[in-house]
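K.L.:
One structure, pasted below without further comment.
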Protein chains: 6
Amino acid sequence: MRPSGRAPDQMRELTFEPGFTVHAEGSCLVSFGQTRVLVTASVEEKVPPFLRGKGQGWVTAEYGMLPRATHTRGNREAAKGKQSGRTQEIQRLIGRSLRAVVDLPKLGERQVIVDCDVIQADGGTRTASISGAWVALRIAVDKLLEKKALVDDPIRTQVAAVSCGIHNGNAVLDLDYLEDSTAGSDGNFVLTADGAIVEAQLTAEGETFDEEGLLRLLRLARIGCGDIFAAQLKATGR
Amino acid sequence: MRPSGRAPDQMRELTFEPGFTVHAEGSCLVSFGQTRVLVTASVEEKVPPFLRGKGQGWVTAEYGMLPRATHTRGNREAAKGKQSGRTQEIQRLIGRSLRAVVDLPKLGERQVIVDCDVIQADGGTRTASISGAWVALRIAVDKLLEKKALVDDPIRTQVAAVSCGIHNGNAVLDLDYLEDSTAGSDGNFVLTADGAIVEAQLTAEGETFDEEGLLRLLRLARIGCGDIFAAQLKATGR
Amino acid sequence: MRPSGRAPDQMRELTFEPGFTVHAEGSCLVSFGQTRVLVTASVEEKVPPFLRGKGQGWVTAEYGMLPRATHTRGNREAAKGKQSGRTQEIQRLIGRSLRAVVDLPKLGERQVIVDCDVIQADGGTRTASISGAWVALRIAVDKLLEKKALVDDPIRTQVAAVSCGIHNGNAVLDLDYLEDSTAGSDGNFVLTADGAIVEAQLTAEGETFDEEGLLRLLRLARIGCGDIFAAQLKATGR
Amino acid sequence: MRPSGRAPDQMRELTFEPGFTVHAEGSCLVSFGQTRVLVTASVEEKVPPFLRGKGQGWVTAEYGMLPRATHTRGNREAAKGKQSGRTQEIQRLIGRSLRAVVDLPKLGERQVIVDCDVIQADGGTRTASISGAWVALRIAVDKLLEKKALVDDPIRTQVAAVSCGIHNGNAVLDLDYLEDSTAGSDGNFVLTADGAIVEAQLTAEGETFDEEGLLRLLRLARIGCGDIFAAQLKATGR
Amino acid sequence: MRPSGRAPDQMRELTFEPGFTVHAEGSCLVSFGQTRVLVTASVEEKVPPFLRGKGQGWVTAEYGMLPRATHTRGNREAAKGKQSGRTQEIQRLIGRSLRAVVDLPKLGERQVIVDCDVIQADGGTRTASISGAWVALRIAVDKLLEKKALVDDPIRTQVAAVSCGIHNGNAVLDLDYLEDSTAGSDGNFVLTADGAIVEAQLTAEGETFDEEGLLRLLRLARIGCGDIFAAQLKATGR
Amino acid sequence: MRPSGRAPDQMRELTFEPGFTVHAEGSCLVSFGQTRVLVTASVEEKVPPFLRGKGQGWVTAEYGMLPRATHTRGNREAAKGKQSGRTQEIQRLIGRSLRAVVDLPKLGERQVIVDCDVIQADGGTRTASISGAWVALRIAVDKLLEKKALVDDPIRTQVAAVSCGIHNGNAVLDLDYLEDSTAGSDGNFVLTADGAIVEAQLTAEGETFDEEGLLRLLRLARIGCGDIFAAQLKATGR
């Protein structure tokens, strides 16, 4: 039995609240249960220096956690004067995941910066961020298409992410904080709507795993991402 | 006529959503029209080093702005590696305002850290932060009273803040971004519910002002804070 | 009775020593009693990036305190690797105060950077800095006029600043450190020679104040700034 | 055909030079072909603050790259004043991998800090680092056992890492820089000598992958790690 | 002929103004011609961590240059967030020079921090700093002796520094900025009043030098330091 | 008797291993006994901003120490976020020493960055760095000459450095860590192959010195550098 009473292959309640803020070209508040992340997509009509004049666009991401998003207050990264290794690892992952489904030359010489700020954390902030980031990006790109700044849609397909892990000997989907902090091993999968794996990251903490375990977790991830893909479509009115 | 159609002494729509997040001892989402700030109050059972063993508590504040809270995206302070002068100025003001209504020895040897994170900005983020900070602090202290960690209430009275300014030659209350960015001079007033002024900060930008103007703005501030005090009471069930 | 024996509306001894250093286009050593600030105005024939090509100039300020300007040594900000919130707050105030009396388009595409470095502190370092900054700026601009780099004088009027506060229940002018550290509430006023208020900042520490108190302090500030304006004129040979 | 002429499941020439430096408790120079990493293990008789008094030890890692380890010179992180996200990601991975095979309570209240400094880079610096780190750690722990500072061996088994990827449509083992920079997708596997997976990280760049591909890469990783385990044993005289 | 008209072995006008500031235990404004450095000596009744409990004191120094001490304004190190290599090199030299004439155990478990802040620069800021630092230190130690905090004088002798160089083929003493920036080679000598060399630093810029040249410069340095020693004694009333 | 059994004027075993790494235009591993420094010379076809368009090249150096190059592990400068004063002092010295023997206009508008990274430290890391830096620079410049990017050789002569000091009352050459840490006074000399002194830095620690001592140390330095010059020639095949 999972602490939350969920079935092993059951996601937490999943919501995407599109247009949560008014200024960003795209935005949404994504909730995976108690985990809530505010995502905004900002379109800038220029690319970073390393891409200037190359006829292509760029998608990048930044990630942050409000100091009291967690059970006990963490120090504010802006006050400490640097982003933690964990923060940088996560924002690099979000950026790569989005770029995996975007045709950068089709985006033109512009950059989309996706900001994922965790308002409340209960496990799975990086997977919620990636899943919500796609929604914010989709909305921002739809606006570019609508006002004819873009002719061809540069987004090839959907991308979503979910965590899976071995908890009390059982493979379970979408771990909350309670499960996450006691899981023997867990991982994050980033999948596309057309069935491909973009990223797979598995870590044994205490308990190691093998091929069998890896495949079992991946099977759960496919189930979870299926739910997310459906919710993303609904949120973006597709 | 104000751009928003408001009367000169009319506040924007004012809401306090208490308990917006689950982990913090106190929290609220405060809205002054489109300006929205998430405030959390975190109680820590120790004081900063300079107060150790002095038999009193401390209240401090930190302030941040999500990168895309504004019309165009600002750089993330955590990524730049330092907080701007504006950020530091505001968080010092919030802390002083709260301490003005708290009896620190009665708080005991504990610290309350209030985090004000601007989700969406449309003028008046510092005044909304102070006003919301009192609500979050009130909720956190109520919990301490409830569980008998405190016997006497250390909060002496309410504190609230509002901006006033001269826009198109008229003294107006609670400026939104449009008014703020074109105001001849403006100021922020921090008042207590028992009628005292805690802070007054007035700045002439373009147009200077005199005693008459100062008093006119202060009169508006008293009206605005009256509205805020009422809403604070309602939000905290008093 | 004030600790220094001064009358309530009496400034400390006030001196401006123009041309204190040889390299800067303008400089002065300003003393408000024991508080001594070395101010230099440096003219650069270019504007900061955000103003390029806009046909106007800029005036900005930086502020610092030598480590042993104070009773006990403070850490050197250069060694700590960052400027405190207090430092940034003060240098922003100095810059705004100067810009309030300068016609920036008339200054042409050049920047004046005013450095205020506190050699010795005894209360009122920010008000001495602003008052001395005007003298250094005046000297630097006079040189530009003299060598015909400027035709029209961009400085509209004088600007000066002074602190006032409630000490032992009495409203007093130009607080020294002893008064400042025990004042119930105090404030800084930045005024122009033609009678306008540029900035007013009042803070209650312990004791709050009301309209009456605010006006009383303002009245003192007008007296003090009158003295400063006279001394500024004398120092700049006007 | 691979650019290097190697068979798909063939490692580059693999050497561990134990005792490369004289001061460290354990050290080795590890080479995966042209990739050379100097690894040292430093034993400190105290644990980091978060573990004090918990009766267990700690193993952590730091990673760096000499500026001209690469084809074109990179900026020195010490001069830039911060470690890149990539650096932090890698050193966190090395630390987790080592801790997966160490019984921390058996290590006692001491810390082993493993430094991995890349002298020359040609792809696979993180996998070479992990593989070499085990050798340096083994040597350092052997010294503790020898001088009876430890009675029970805290190292449970060997750990090694290798990269695999799809290059020109073929699954290949231990990618060099040329292959790595053009691989459709690749990953790093961290395995233990008793057959368990500690970490698996796969990233699609351009080409995504599926279960089949994942298992194919994992099979190669098992072959490669087998070679590394043998070389580690030889280097440590076991 | 030297640009200033001085003889080759002639110092610039040399003044020490003791007690220039009121708060520091010791202070002086030292001038070597147009070069003016404000030096303060602060006594702290504790030693840095690495000396705790060792029964000895410590003397250290910090150095800074006001932004407009120089011909063109330099960036403020506190604003840049770090001290330059030059600044650190100089403050390390000042500290070593002072410690060379102080009996640290006799100083007791206290630290003297000497701050040297350049108000105006015209060559020789480091040599003026060292020479003035001794005066400030002497005054601070005299106060400790006077109030019986110290019984034995920990200062063994005087220390002073001066620059020498080859300018237009001639060996000259105490270079000003004009000479310094065109000197073929130059050096700084730190000498004690009892004839010993504490530090000698010679650098060839363009022109190299040999034993002969080295000795010639050293002879000049002895002459210059003689003048400084006399002025130090006079300034400290000995 | 020296701890190592060496004669007073005897260098430690001296080796230059040219071409130690494959990517850099020039490289060598230099050993002065147990002190080992990896030096690379990187050629960049552009000059730093302050030299653009001036028709000359630049040579600069950076210095680092691997965390466990020393007896006890030091903190990684990249992790601390800044380079120590010692590091900056040394890298400035290396740069000046190299520039003293290079005709910068002949180098053309390109920069050579020399990185000196200490792999193992046993005293004399800065002198080994300078001596090895010349070898790496020589190799890099030879490649430029070979491929006709340069026609005239910009390197005028050899440069080398060695330390000397007074240990147990005797003047000794090339101090190892044991001697260095107990020397009464010591210094570093940078000499050219044609007999000139480029830099001389002497510091008294405990024991001061005089002209006699200075000349004695310089005489030893000439002996030591003679050995180094011969080894440099051999290493570069001249």
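Nothing in this text is a laboratory measurement; each read-out follows from the coordinates by a stated rule. For clarity, every value in this text was computed on a predicted model and none was experimentally measured. Reconstructed Cβ throughout: ideal geometry from the backbone, glycine too, with neighbour counts over all protein chains shown.
K.L.:
So, in nm, how far is label A:ASP152 from label C:ASP152 when the simple model puts each one 7 Å beyond its Cα toward the Cβ?
P.N.:
Computed distance between label sites A:ASP152 and C:ASP152 equals 5.5 nm.
K.L.:
Enter the Cα centre distance for the pair the range F:210-234 and the range B:85-140, rounded to the nearest angstrom.
P.N.:
67 Å
K.L.:
Taking the Cβ of A:ARG238 as the center, what net charge do the other residues with Cβ under 11 Å away carry, scoring Lys and Arg +1 and Asp and Glu -1? Show your work: numbers first, answer last.
P.N.:
Values: positive: A:ARG138, A:LYS234; negative: A:ASP142.
With Lys, Arg at +1 and Asp, Glu at -1, the neighbours total +1.
K.L.:
Another one. Taking only Cα atoms and a 10 Å spring cutoff, compute GNM fluctuations for chain A and point out the largest among A:SER27, A:SER185, A:SER131.
P.N.:
A:SER185
K.L.:
If you don't mind, another one. Give me the one-decimal Kirkwood hydrodynamic radius in Å for the range E:95-149, with the sum taken over alpha-carbon pairs.
P.N.:
For the range E:95-149, the Kirkwood estimate is 12.5 Å.
K.L.:
Would you work out which of A:GLY57, A:HIS71, A:LEU38 lies farthest towards the positive end of the dipole of the range A:14-236, given +1 charges on the beta-carbon of Lys and Arg and -1 on that of Asp and Glu, about the Cα centre?
P.N.:
Farthest towards the positive end: A:GLY57.
K.L.:
Contact order normalised by length for the range D:1-107, with contacts defined as Cα pairs under 8 Å and 6 or more residues apart; what percent is it?
P.N.:
Values: 109 pairs, mean separation 19.9, N = 107.
Result for the range D:1-107 is 19 percent.
K.L.:
Given a Förster radius of 35 Å and the C-beta distance between C:LYS143 and F:LEU51 as r, what FRET efficiency does 1/(1 + (r/R0)^6) yield to the nearest 0.05? Mind showing how you got there, number by number?
P.N.:
On the way: r = 32 Å, r/R0 = 0.91.
Computed FRET efficiency for C:LYS143 and F:LEU51 comes out at 0.65.
K.L.:
Would you list C:ASP103, C:ASP152, F:ASP174, B:ASP117 from fewest to most Cβ contacts within 10 Å?
P.N.:
Numbers: C:ASP103 14, C:ASP152 10, F:ASP174 30, B:ASP117 26.
Going from sparsest to densest Cβ surroundings: C:ASP152, C:ASP103, B:ASP117, F:ASP174.
K.L.:
Give me Rg over Rh for the range B:1-68, both radii from the alpha carbons and Rh done the Kirkwood way, two decimal places. Working shown, then result.
P.N.:
Values: Rg = 17.5 Å, Rh = 15.2 Å.
Rg/Rh for the range B:1-68 comes to 1.15.
K.L.:
Related question: Given an 8 Å cut-off on Cα distances and at least 6 residues of separation, report the relative contact order of chain D as a percent.
P.N.:
Values: 525 pairs, mean separation 53.3, N = 238.
For chain D, the relative contact order is 22 percent.
K.L.:
Quick one: label points 7 angstrom along Cα→Cβ at A:ARG238, distances to the other copies in nm, smallest first?
P.N.:
Once sorted, the set of distances for A:ARG238 reads 5.0, 5.1, 6.6, 6.6, 8.3 nm.
K.L.:
Mind listing the Cα extents of the protein assembly as shown along all three principal axes, in Å, largest one first?
P.N.:
Principal axes ranked by extent give 92, 88, 61 Å for the Cα atoms.
K.L.:
Next up: Can you work out which chain A residue has the shortest Cβ-to-axis distance for the rotation that carries A onto C, and give it in Å?
P.N.:
Rotation axis A onto C, closest Cβ, rounded to whole Å: A:GLY81, 5.
K.L.:
Where the label is 7 Å out from Cα toward Cβ, how close does B:SER181 come to the same position in every other copy, in nm, shortest first?
P.N.:
Going from nearest to farthest copy, the values are 4.4, 4.4, 4.5, 4.5, 6.3 nm.
K.L.:
Computed on alpha carbon atoms, what radius of gyration and Dmax characterise the range F:14-236, expressed in Å?
P.N.:
According to the Cα coordinates of the range F:14-236, Rg and Dmax are 17.4, 54 Å.
K.L.:
Taking the label point as lying 7 angstrom from Cα along the Cα-to-Cβ axis, what are the distances from F:GLN56 to the corresponding position in the remaining copies, in ascending order and in nanometres?
P.N.:
4.2, 4.3, 4.5, 6.1, 6.2
K.L.:
If you don't mind, another one. Round to a whole angstrom and tell me the spacing of the C-alpha centers of the range A:1-44 and the range F:1-51.
P.N.:
Taking the Cα centre of each part, the range A:1-44 and the range F:1-51 sit 56 Å apart.
K.L.:
For the range E:149-238, report the convex hull volume of the alpha-carbon atoms normalised per residue, in Å³, without decimals. Let's see the in-between values first.
P.N.:
Values: hull volume 10.1 nm³, N = 90.
Considering the Cα atoms of the range E:149-238, their hull volume per residue is 113 Å³.
K.L.:
Let me ask you something else. Order of C:TRP134, B:TRP58 from fewest to most other C-beta atoms within 10 Å?
P.N.:
Numbers: C:TRP134 34, B:TRP58 21.
Least crowded to most crowded, the residues run B:TRP58, C:TRP134.
K.L.:
State, to one decimal in nm, how far the label point of A:ARG219 lies from the label point of A:VAL22, with both points 7 Å from Cα in the Cβ direction.
P.N.:
Result: 5.0 nm between the two label points.
K.L.:
Separate question: Identify which of D:GLN111, D:GLN83, D:GLN91 has the largest mean-square fluctuation in a Gaussian network model of chain D, with springs joining Cα atoms closer than 10 Å.
P.N.:
Sorting by GNM fluctuation, first place goes to D:GLN83.
K.L.:
Compare C:VAL114, C:VAL135, C:VAL59 in a GNM of chain C, Cα atoms joined below 10 Å, and give the one with the largest fluctuation.
P.N.:
C:VAL59
K.L.:
Straight-line reach only, C-alpha to C-alpha below 15 angstrom: list the aspartates and glutamates that A:LYS143 could link to, leaving out same-chain residues fewer than 8 apart.
P.N.:
A:GLU25, A:GLU44, A:GLU45, A:ASP152, A:ASP153
K.L.:
For Cα pairs less than 8 Å apart in space and 6+ apart in sequence, what is the mean separation divided by the residue count of the range C:13-59, i.e. the relative contact order in percent? Each step should come with its number before you reach the end.
P.N.:
On the way: 62 pairs, mean separation 12.4, N = 47.
Over the range C:13-59, the number comes to 26 percent.
K.L.:
Other chains' Cβ within 10 Å of D:59-72 residues: what's the mean? Kindly include the intermediate steps, with their values, before the conclusion.
P.N.:
Values: counts 0, 0, 0, 7, 2, 8, 1, 9, 8, 17, 7, 2, 3, 3.
For this peptide, the per-residue mean of nearby foreign Cβ atoms is 5.
K.L.:
Let me ask another. Evaluate E = 1/(1 + (r/R0)^6) for C:LEU233 and C:ARG86, where r is the Cβ-Cβ distance and R0 equals 35 Å; express this FRET efficiency to the nearest 0.05. All intermediate terms of the calculation are to be shown ahead of the outcome.
P.N.:
Values: r = 31 Å, r/R0 = 0.88.
So, using R0 = 35 Å, E works out to roughly 0.70.
K.L.:
Quick check: from the Cα gyration tensor, does the range D:65-192 come out rounded (a/c under 1.5), prolate or oblate?
P.N.:
Taking the square roots of the gyration eigenvalues as a ≥ b ≥ c, the range D:65-192 is oblate.
K.L.:
Nearest 5 is fine: what % of DSSP beta bridges in the range F:14-236 come out antiparallel, could you say?
P.N.:
The antiparallel proportion sits near 85 percent.
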